[in-house]
C-alpha cells in the first residue's frame, strides 16, 4: 500500500509561553549528572562507535564541508580574511632560493557560509547554558565548550534526504521538516534513526542556490521544527546536522530567530552541524541504496570555543 506524502509547510507559530513549555519538555539537564558538559554526546558509547566502524569498507570518502570563501555575498555576509605573503626562506650554498608562503586566516565561524560544529555554550537562556551552567562567570565560556569534543566524533551518520523522499528538487525557504516528514523519509529510505546517530537533514539548499542563485538565507531558509526535535530526543540521536542551520527562517517564535538552536543546544545538550554540503553524500547513498555510513568529525580545540569549522568525512 502506498504511503501518503506529507507536505512541507512553515512551522506552527509559537508564543513565548508555548516555546518555554517545549524547552522544559526537551530538557536533558541532569540526565548525565549535574556537572555534565557533553550532553547527547554521551549517547555515543563504545558499542555505537564499533557499530559505526563496521559500516565502512573504505571504498569511498566524502567531505561534507563547504569551501571557505573570501568573496562576500547574500549567503556569505562574513567572508573569511585570507592573507598570503610569499617570501624567500633560505638559499642553498649554490645560491638556489628556497621559497615559502606565510599566511593568516581569519573567520567569523557562525553564519551560513562555513560548515561548523556548534558547542553547547554557543547559546543560553535566561543566563543559563546547558545543564544549568551559568554564563558570565569568566570572560570566555568555561563550560560545555568545543573542548568537550577535542577527541573527535566517530559515529553512525544517517542522511534524511528530504527532497528525494518527497520527490521535489528542494524544500522551499520558510518550510520545515517535522516528525511526520522525518518518519516518512525513514520509511522511503529503509533506515531507522537510533541511539548515538548523527542525523543529517538535506533540504536541498545548495541545489536551489545553484539553480536560482544565492538569496538572503538569514531571512528565508528551510529547517526543522519542534516536533522534529522531540522525535530526535525520542530516538536518542546524538547530533543534528543540516545543509542549512536547522532553524527555519522566518522563525516560528516571535522575537527569537534561533528557536531550534536554543532548544537543541541549551535544553537538549545536542551539538549542531551547520551548513553541511550534502549533495555528494546523497548521491552516494542513493547509488548504494544505503542511507547510513561512518562519520568522522575532528573539531579544533581552543579556550572558550563556542564552535569550530569542520569538514565531516563520510566513509562508505
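The values are calculated or read from the model by the stated rules, or taken from the named source; none is laboratory data. All figures in this text were calculated on a predicted structure; none of them were measured in a lab. Every residue, glycine as well, gets a Cβ built from its backbone with ideal geometry; the counts of neighbours run over all protein chains shown.
Values as computed for the structure displayed
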read-out: Selection within the stretch 16-29 - out of contact with any helix residue (DSSP H, G or I) (no Cβ under 6 Å at 6 or more places or on another chain), farther than 15 Å from residue 228 by Cα and surrounded by 11 or more Cβ atoms within 10 Å (Cβ to Cβ); value: 16, 18, 20, 21
read-out: Matching residues in the stretch 245-263 - criterion: being crowded, with 24+ Cβ neighbours inside 10 Å and without any contact (Cβ under 8 Å) to a residue 60 or more places away in the chain; value: 246, 247, 260
read-out: Search result, residues across the stretch 122-170 that are in a loop (DSSP other than H, G, I, E, B) and either under 30 Å from residue 207 (Cα atoms) or in contact with a strand residue (DSSP E or B) (Cβ under 9 Å, 6 or more places away or on another chain) (or both); value: 123, 124, 127, 135, 143, 152, 167, 168, 169, 170
read-out: Pairs with Cβ under 9 Å, 6+ apart, first in the stretch 185-200 and on the phi > 0 side of the Ramachandran plot, second modelled with pLDDT under 95 and in a strand (DSSP E or B); value: none
read-out: Enumeration of residues in the stretch 276-306 that are in a strand (DSSP E or B) and out of contact with any helix residue (DSSP H, G or I) (no Cβ under 6 Å at 6 or more places or on another chain); value: 292, 293, 295, 296, 297
read-out: Count - residues of the stretch 58-67 that are modelled with pLDDT of 95 or more, part of a loop (DSSP other than H, G, I, E, B) and surrounded by fewer than 16 Cβ atoms within 10 Å (Cβ to Cβ); value: 2
read-out: Where residue 172 falls short, out of the listed (1) under 20 Å from the mean Cα position of the chain (by Cα); (2) over 30 Å from residue 54 (Cβ atoms); (3) buried (at least 18 other Cβ atoms within 10 Å of the Cβ); value: (3)
